[in-house]
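In what follows, a single structure is set out as structure tokens and then discussed.
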Amino acid sequence: MSVTQQYLLDSHRARLHDQPEPPAPGRHDLASLRSLRDYRRFRAVIAERPARGRLRHALARRLRPRVLG
């Protein structure tokens with residue numbers, strides 16, 4: 001069963017029992033990602049690491065050409 005089918009089934013059941021409908025699939029995805037980002041930044045600050053740009057800095061360090069000599 002797909003997510004859309006499950007949502008439609010849940011909406012139908014909610015209407016039959018006079019209950020509020022469930023939120024549409026994907027409605028709160030951005031809020032979840034933002035809260036995860038904020039949590040990771042908070043944990044970085046608590047661990048005394050930079051809170052921003054860590055991934056970009058790590059990728060730049062890995063992709064930088066090595067100088068032999």
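Couple of notes before you dig in:
- Selected residue (criterion: nearest to the chain's Cα centre (by Cα)) from residues of the stretch 25-35 that are part of a helix (DSSP H, G or I) and of a type outside the set (D, E, K, R): L33
- Residue within the stretch 9-24 that is outside any loop (DSSP other than H, G, I, E, B) and of a type in the set (S, T, N, Q) present: yes
- From D18, D38, residue being over 24 Å from the mean Cα position of the chain (by Cα) and among the acidic types (D, E): D18
- Residue within the stretch 46-53 that is part of a helix (DSSP H, G or I) and either modelled with pLDDT under 90 or at negative phi (or both) present: yes
The values are calculated or read from the model by the stated rules, or taken from the named source; none is laboratory data. Small disclaimer: the values here were computed from a predicted structure and weren't measured.
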